[in-house]
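**Student:** Structure below; questions to follow.
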Amino acid sequence: MDIFKGVEADITLEMSPQKPRIGLLGGAFDPPHLAHRALAEAAITALTLDELIVLPTGQAWHKARPLSPPEHRVAMARLLFAGLPRVTVDERETRRAGATYTIDTLRELVDERPGAQWFLIIGEDQARAFGTWREWRSILDLATVCVAARGGSDGGASSLEGDLAGHALMLPLPRMDLSATQIRERVAAGQPVSDLAGSAVAGYIARQHIYSART
């Protein structure tokens, strides 16, 4: 099945062997979970990526609640994505002072890897707010935005509204009813989370006593 069926004609995927195809998957990863890993696997296959860079955010400008310490989120991301070919975890955003903005990271990477094709993978909730991102039009100039749609999207461009309509690809995913909030709530209630986060991440959470007092 062509997962990009219905995408508007002005979006093209250049299949040039001279241009490495690199995906970017950012997020709080507080904690990372099995849906994140499924998304990474789907993106690598659907976009024929040579590499996928996972970017735990530093100080998220759009998050009202404080995030867990970055060293924990980076460590959990490394555990979740371990063994997945072509995936690397990049902690540059956690080392950056002040708020984290995608455009700054993207410009850094473009300068470091000239000639690469960039694919920015975001969720549906992020897509709805994309017009509020710093220099969002410049992001569209530097990367192809790919919106991960969970459960039920037909992958058509008609699913995209607002600022991204006609300027992004849809990446349909199987329904996975889990979230980082759900995991934090389970941990706080003393319930197991290995079925949501995987055994390695669940073990790390238990050893480090993360989320035991807050959701």
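The values are calculated or read from the model by the stated rules, or taken from the named source; none is laboratory data. A quick note: this is a predicted structure, and the numbers were derived from the prediction, not measured. Here Cβ is always computed from backbone atoms with ideal geometry, including for glycine, and neighbour counts include all displayed protein chains. Accessible surface areas use protein heavy atoms only, side chains included; no ligands, DNA or RNA. Shrake-Rupley method; radii C 1.70, N 1.55, O 1.52, S 1.80 Å.
**Student:** Looking only at Cα atoms, what is the convex hull volume of the stretch 66-215 per residue, in Å³?
**Tutor:** So the per-residue Cα hull volume is 142 Å³.
**Student:** May I ask you to give the solvent-accessible area per residue for the stretch 32-122, in square angstrom, as obtained with a 1.4 angstrom probe?
**Tutor:** Here the residues of the stretch 32-122 average 43 Å² of exposed surface.
**Student:** Please label the shape of the stretch 96-136 as rounded, prolate or oblate, based on the square roots a ≥ b ≥ c of the eigenvalues of the alpha-carbon gyration tensor (a/c under 1.5 means rounded; beyond that, a/b larger than b/c means prolate, else oblate).
**Tutor:** oblate
**Student:** With a 1.4 Å probe and all protein chains left in place, how much of the accessible area of the stretch 162-215 comes from carbon and sulfur atoms, in whole percent?
**Tutor:** So the carbon and sulfur contribution to the accessible surface is 50 percent.
**Student:** Separation between the Thr181 and Ala206 pseudo-spin-labels, each 7 Å from Cα along Cα→Cβ, expressed in nm?
**Tutor:** With each label point 7 Å from Cα toward Cβ, the separation is 2.7 nm.
**Student:** Summing Lys, Arg as +1 and Asp, Glu as -1, what charge do residues with Cβ under 15 Å from the Cβ of Glu71 carry, Glu71 excluded?
**Tutor:** Around Glu71, the charge tally is +2.
**Student:** Oh, and also: From Cα coordinates alone, what are the radius of gyration and Dmax values for the stretch 66-120 in angstrom?
**Tutor:** When restricted to the Cα atoms of the stretch 66-120, Rg and Dmax are 12.9, 37 Å.
**Student:** Could you work out the equivalent-ellipsoid semi-axes for the stretch 23-150, taking the square root of 5 times each eigenvalue of the Cα gyration tensor, largest first, in whole Å?
**Tutor:** One finds semi-axes of 19, 19, 15 Å for the stretch 23-150.
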